[in-house]
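Here is the structure we will look at, set down as structure tokens.
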Amino acid sequence: MKKWFKHPLAYVTIILAMVCGLIFVLAAVPGFNKLPSGTQNLRVVVLDQDQSSVSKNIATHLENKLPFKMVTATSFANAKRQLNTRQAALIIQIDKGFYQRVTRGQAPKLTYTVNQSNGLLQNMVTKNVTTQVTTQVASQLTTVKVTQMLAQSAGKALMQKQQAVAKQQVKQQLQAALAKSPQLAQQPAQLKKLQQQAIARVKRQQQQRLMPQVKKQAAATAATLTGQVATTTTKLHALPTNYQYQFAPMFLNLGAYLGIMLMSLVLTLMFMSARHVIGKWSALLAA
């Protein structure tokens, strides 16, 4: 037993185990130092297919608030190509008709497209991003800015409905002015100026009369938007519900490492037994 502990190989094995552990730490641990903060480098594509004032405001808000590289795409085909080539991690699609559903008090629609043939960590981050986006959009739809947009839309709609009435009022004011001063009919410039003044006066009167109705309609529409965002997630290269396919590469590496370690032990025994028969250097080259 004393001779065993005096042999240098007994201590070489301990040093070898320490060196292997140290190499694993120095080689593997630095690869994880960017994981918590490196997610901000993920590229998220925002595809605005509605192109309305509200949808543009939502897209701008997402670009300013979310901690990711937000890029825009001109078409879904272009965005999908970026997703398949892993230039992007997620597509946020603001569907056409988004603004119309907002003004009707219905839940506007968002469509997420993800590529599941990525790593487990990125898939988890992407899932969290969709939750953040839904929350941000739901809160943004109830802001004062969106309410003002709804008010502008409601005001334009009401003004269009009142165009016939406005024209009639302008006509009546012109007729009254001509009845009072018939000579204006012979003065085109003065008549045109009088017509412009009548149009401005009627428009101002309509705005004052319709403003309470516009505010009430916009406030009622905005009140129905809280938390109402319908989402759909489209998965490209979808994986099965279990995790065995995502863990397969890791276990393959671990199995290969264990197999090579056992193989090295067997080759060492073969070398020790064969060196007396075929020679030390020949046995070493064979191993």
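Only one of the numbered conditions (1) more than 23 Å from LYS127 (Cβ to Cβ); (2) touching a strand residue (DSSP E or B) at 6+ places or on another chain (Cβ under 7 Å); (3) in a helix (DSSP H, G or I) is not met by ALA79, and that is (1). For first residues located in segment 239-254 and within 17 Å of VAL114 (Cα to Cα), partners that are surrounded by 10 or more Cβ atoms within 10 Å (Cβ to Cβ) and not polar (S, T, N, Q) and lie 6+ apart or on another chain with Cβ distances below 6 Å form the pairs LEU239/TYR245; GLN246/LEU120. Being open to solvent by less than 70 Å² (accessible area, probe 1.4 Å) and touching a Gly at 6+ places or on another chain (Cβ under 7 Å) is a property that ASP95 lacks. Among the conditions (1) surrounded by 14 or more Cβ atoms within 10 Å (Cβ to Cβ); (2) of a type in the set (D, E, K, R); (3) modelled with pLDDT under 85, ARG104 misses just one, which is (1). Look through segment 38-77, keep the residues that are open to solvent by 20 Å² or more (accessible area, probe 1.4 Å), β-branched (Val, Ile, Thr) and within 20 Å of ASP95 (Cβ to Cβ), and return whichever of them is modelled with the highest pLDDT. Filtering first and then ranking leaves THR60.
Applying the condition of being open to solvent by 100 Å² or more (accessible area, probe 1.4 Å), closer than 30 Å to ILE91 by Cα and assigned to a helix (DSSP H, G or I) to segment 1-37 and asking which residue is modelled with the highest pLDDT yields PHE32. For segment 77-123, filtering for residues that are free of Cβ contacts under 8 Å to residues at least 60 places away in the same chain and of a type in the set (Ser, Thr, Tyr) leaves 2.
The values are calculated or read from the model by the stated rules, or taken from the named source; none is laboratory data. Computed from a prediction, not measured in an experiment: that's the story for all the values here. With ideal geometry, Cβ positions are generated from the backbone for all residues, glycine too; neighbour counts draw on all protein chains shown. These area figures cover heavy atoms from the full protein model, side chains too; ligands, DNA and RNA do not enter into them. Shrake-Rupley method; radii C 1.70, N 1.55, O 1.52, S 1.80 Å.
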